[in-house]
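The values are calculated or read from the model by the stated rules, or taken from the named source; none is laboratory data. Not measured: the values here are computed from a predicted model. A quick note on method: Cβ atoms are made from the backbone with ideal geometry, for glycine too, and the neighbour counts reach across all protein chains shown. Ligands, DNA and RNA are excluded from the accessible area calculation, which covers all protein heavy atoms including side chains. Shrake-Rupley method; radii C 1.70, N 1.55, O 1.52, S 1.80 Å.
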Amino acid sequence: KSRWNFGPSPDGTRFLYHDDGNFFVYDMASGQATNITQKIPSVFWDQEDDHNVVKPPTSVIGWTKDGASVLLSDDWDIWNVPVNGQATNLTMNGKKDKIRYQSRFRIDPEEKGIDLASPMYVRVYGEWTKKAGIGRIDGGKPGVKMLAWDDASFGGLMKAKKADVWLYTRENHAEASNYLVADASLGNGKKITDSNPQQKDFLWSSGAKLIDYTSAKGDKLQGALFLPANYQPGKSYPTIVYIYEKLSQGLNGYTVPTYNGFNKTTYTSNGYAVLMPDIVYKVNDPGMSAVWCVLPALEAAVKTGIVDKDHVGIQGHSWGGYQTSFLVTQTNAFAAAVAGAPLTEMITMYNSIYWNSGGGNMAIFESSQGRFTGSPLDIPDAYMRNSPITHAKNVKTPLVILHNDKDGAVDFTQGIFYYNTLRRLQKPVVMLQYKGENHGLRVPANMKDYTVRMREFFDHYLMGKPAPRWWNEGVPLLKLKDHLEERAPGKPQPIDPLNDDNR
């Protein structure tokens, strides 16, 4: 009956599914279906989902052990919803206080359903504060005891099999994820690991700020703004805007420096601020939606005084690469841009194959990230106006395109189309291709090469350093050792992908 099926109860007598905004339980023996959410004073379809999908369900926490009820989320609170009877809001204050009780920690990996008589530990997240924590519900009764709540991310909760000893992880933007040991209350947690002791030897971000802004369409949004190392109040800094749908949730996440193209930690270590804004979408306008959200985010970040508005770059990969490719056709706010594996011509992309799976791309456009209400035959104007190629004449921003010949997600021709169009228009563009690589780079030498070139490109346009030879003359085979920068001994150093000693 419905596309949203959630499986049988632990005893196999009932089946849970979602249809037209409500959850139903189907009784196998009687053949009767019961709407179990219609009388609850809340909504059980995701009103915040901006995809072209009609009333998608909120999340299911799970069946109770006896199969008599289901725990459901309304995106804020967790409800105990009996198959027959009155529902109970177990968390009580989520919607009112804008706290999301997101999920339940499964402590016993061998459990057969949720035992409401036992303490239930839940993951907690503050929607507008980005605080996170772990809460506990006792005896299946309403009310949450907050055991951990901080400007951090928590996870990995587990219990010793034969002792009342608990482990969990904690991290934030400046502290690597480490294990803490505690009792059942998680009180007085003691750190027992030091997962990244070498961090002290390198420059690190001076802090993270949450910025609030309103999109051009009136949506209340946020962005995570990470300060450069050795930040000085009152001074503005070159900034990279990194985009991919909603990213402000990562405010308290730890980023390990790696050779993976753009890396937030590497850039903040080397004197950049990094802005990660939220993007929400309007159907039939995925490209313009990025414009309506990213530019107000940048404006709000500039108002903090941290971001130097004349030295801002932008980077994104895949869907973020598409948004980057489109944004530079609509604004000159960015001094440089790097688009990884971007969609650039929506009609041909719609009719291409997703080679990594062997399926067509149609569903991606009509019920997933594309957010279109029909095919190019139905709404050709929407596909054309949101294609970067359509507006290529407007591009003034220097652009690097990464696209690999064996890309099985976004066909290689998408990068070729855009590159050839921009070259024909004599726009400032270079395309990088790593032969044999798929949608993302996997060969270590290629990962490092791309990381180095991206830094050189942004350093030139945002920090005034000399242009790399490959930008002016093409891409020769370079010895990476030629790009080593001196490190001063005895003090924290920048995390430098150009230096082999940092690997």
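Checking [x] 42, 30, 20; [y] 36, 27, 26; [z] 36, 34, 27 against the coordinates, the calculated semi-axes √(5λ) of the Cα gyration tensor in Å falls under label [x]. DSSP beta bridges fully contained in the range 164-288 are about 85 percent antiparallel. Taken per residue, the accessible surface of the chain reaches 45 Å², heavy atoms only and a 1.4 Å probe. For the range 199-322, a crude dipole built from +1 on the beta carbon of Lys and Arg and -1 on the beta carbon of Asp and Glu, taken about the Cα centre, is about 160 debye to the nearest 20.
DSSP bridge analysis restricted to the chain gives an antiparallel fraction near 75%, rounded to the nearest 5. Rounded to the nearest 10 degrees, the angle from helix 286-303 to the longest Cα principal axis of the chain is 80 degrees.
For the peptides 148-158, 65-75, the ranking by packing is 65-75, 148-158, with the highest mean count of neighbouring Cβ atoms within 10 Å listed first.
Ordering Gly140, Gly156, Thr129 by Cα displacement along the dipole of the chain toward the positive end leaves Thr129 in first place; charges were set at the Cβ atoms of Lys, Arg (+1) and Asp, Glu (-1).
Database remark: amide H of Ile61 closer than 5 angstrom to the amide H of Leu71, Leu72, Ser73 (H placed geometrically; neighbours at sequence offset of 5 or more, or on other chains; Pro and chain starts carry no H). For the chain, which whole-number percentage of the solvent-accessible area (1.4 Å probe, protein heavy atoms only) is attributable to carbon and sulfur atoms? Looking at the chain in its full context, I get 51 percent from C and S. Basic side chains Lys and Arg get +1 at the Cβ, acidic Asp and Glu get -1 at the Cβ, and with that the dipole of the range 187-245 about its Cα centre reaches some 160 debye.
Only one residue of Pro444, Thr58, Trp292 has its Cα farthest out toward the positive end of the dipole of the chain, where Lys and Arg carry +1 and Asp and Glu -1 on Cβ, and that residue is Pro444. Sequence-ordered 3J(HN,Hα) estimates for the range 238-249 from the Karplus curve with 6.51, -1.76 and 1.60 and θ = phi - 60° stand at x, 9, 10, 9, 10, 10, 5, 6, 8, 10, 5, 4 Hz, glycine and proline given as x. Dipole of the range 284-367 computed with +1 at Lys/Arg Cβ and -1 at Asp/Glu Cβ about the Cα centre; of Asn351, Ser325, Val338, farthest Cα towards the positive end is Val338. What pairs in Lys95/Lys246; Lys209/Lys406; Lys131/Lys161 have C-alpha atoms more than 32 Å from each other? From the list (Lys95/Lys246; Lys209/Lys406; Lys131/Lys161), the Cα-Cα distance tops 32 Å for Lys209/Lys406.
Once Rh for the range 101-197 is found with the Kirkwood sum over Cα pairs, what is the Stokes-Einstein diffusion coefficient at 25 °C and 0.890 mPa s, in µm²/s? The calculation lands on 174 µm²/s. Taking amide hydrogens as placed 1.01 Å from N in the peptide plane, the amide H of Val165 sits under 5 Å from those of Ala160, each at least 5 positions away in sequence or on another chain. If you take the alpha carbon atoms of the range 64-136 and fit the smallest convex hull around them, that volume is 83 Å³ per residue. Within the range 162-257, all pairs of alpha-carbon atoms sorted by distance into 5 Å bins from zero give the percentages 2, 10, 16, 17, 15, 14, 11, 8, 5, 2, 1, 0.
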